[in-house]
1. Starting from residues that are modelled with pLDDT under 55 and open to solvent by less than 30 Å² (accessible area, probe 1.4 Å), keep the ones in the stretch 37-65 and report whichever is nearest to I128 (Cα to Cα).
2. Taking the condition modelled with pLDDT under 95, of a type outside the set (F, W, Y) and closer than 29 Å to T226 by Cα, does D148 pass?
3. So Y220 fits all but one of (1) in a loop (DSSP other than H, G, I, E, B); (2) closer than 22 Å to R127 by Cβ; what number is the exception?
4. In the list E155, E179, E167, E121, which residue meets the criterion of being under 28 Å from the mean Cα position of the chain (by Cα) and at pLDDT 90 or above?
5. Just a yes or no: is a residue in the stretch 135-158 in contact with a Gly (Cβ under 6 Å, 6 or more places away or on another chain), surrounded by 19 or more Cβ atoms within 10 Å (Cβ to Cβ) and part of a loop (DSSP other than H, G, I, E, B)?
6. With respect to T226, is the statement that it is assigned to a loop (DSSP other than H, G, I, E, B) and either under 30 Å from the mean Cα position of the chain (by Cα) or at pLDDT 90 or above (or both) true?
7. Just one of L173, L68 is open to solvent by less than 30 Å² (accessible area, probe 1.4 Å), part of a helix (DSSP H, G or I) and touching a residue at least 40 places away in the same chain (Cβ under 8 Å); which is it?
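The values are calculated or read from the model by the stated rules, or taken from the named source; none is laboratory data. Worth saying up front: this structure is predicted, and the values here are computed from it rather than measured. Every residue, glycine among them, receives a Cβ derived from its backbone with ideal geometry; neighbour counts consider all protein chains shown. What goes into the accessible areas is simple: the full protein's heavy atoms, side chains included, and nothing from ligands, DNA or RNA. Shrake-Rupley method; radii C 1.70, N 1.55, O 1.52, S 1.80 Å.
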Amino acid sequence: MSFQAPLFLLALGLIPLVAALYVAVDRRRRRRSAAFAAERMLPSVAPVRPGARRHVPQLLYAAALAALAVALARPEATVAVPEERAAVVLTTDVSGSMQARDVRPSRMAAVRRAALDLLDEAPDKLRIGAVAFNHSVKAIEPPRAERDQLRRLIEGLTPSGGTATGEGLAASLGLLERERSGSGRKAPAAVILLSDGASTHGRDPIPEARRAARAHIPIYTVALGTQAGTIQVDRKDGTALTRSVPPDLDTMRRIATISGGRTFAIDAGDELASVYKRLGSQVGTRQERREVTSAFAGGAAALLLVGGAMSLRWFGRLP
């Protein structure tokens, strides 16, 4: 929290002084009471006394003074507000290794579920697009707020073929760069790259990460799967070969670091859904300072009213 007029916070120093003055006055009152009548006679002289509760309204008044001092300092809080022009592209590997079942029920099923959850829970104004790739780009959906077509694309994802990570990134960056062309201020944009294996086809993804860095488009990489992931590959003779398909953690980390994004290593469907939701919210909002003076001023007024009401109820009928 920050303040536009912090000098008013010096008024908080008055609170200890007021408290000390109140204690001194209370002690003086006690001495006068003792001089007026002996302690054992006080129940007869003053049968109804407020006791310790007489201090409660004073504590509320002190809290109200503190809230008022903070309000005068014009406090500002940093809050997340929707970014109307933000765009994100889900760049998803749909190669054959996504059939692996080391992530339950399978890598591909976990991706579908997490992506659909993201569409449901991301900020309404966040424009979301998609690129699906295996050994080439298979499907493209430009970023838009309306998500029905994107939902159909995600529901129809099926794994097959090799992995061309560089091609998927190139297509995704092209979508976002076209979105920005002709506009004044560059809208926030990001790529969420999900892959589970090393790139085996097409261009090198590292130069695409440098291209993203120059365009100020961070790539958040999600390496899905475990080192124990395997798939069954049919041989020409009719037998099946078990092939290891561990995620390429090093390349995914380099892509994220170079582009200014972050990398995540995920081996469970629930973790993947959580990361997708977090990234969707992060890209779809921006941090903005907003003045919250009214909250403190309202709090001070409420404390004064409560303190006054307590004083009237507890002490108003005392003789």
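1. Per the criteria, the residue is L42.
2. In short, no.
3. (1)
4. E155
5. No; the residues of the stretch 135-158 include none that is in contact with a Gly (Cβ under 6 Å, 6 or more places away or on another chain), surrounded by 19 or more Cβ atoms within 10 Å (Cβ to Cβ) and part of a loop (DSSP other than H, G, I, E, B).
6. Taking the combined requirement at face value, the residue satisfies it.
7. Sole residue among the options that is open to solvent by less than 30 Å² (accessible area, probe 1.4 Å), part of a helix (DSSP H, G or I) and touching a residue at least 40 places away in the same chain (Cβ under 8 Å): L173.
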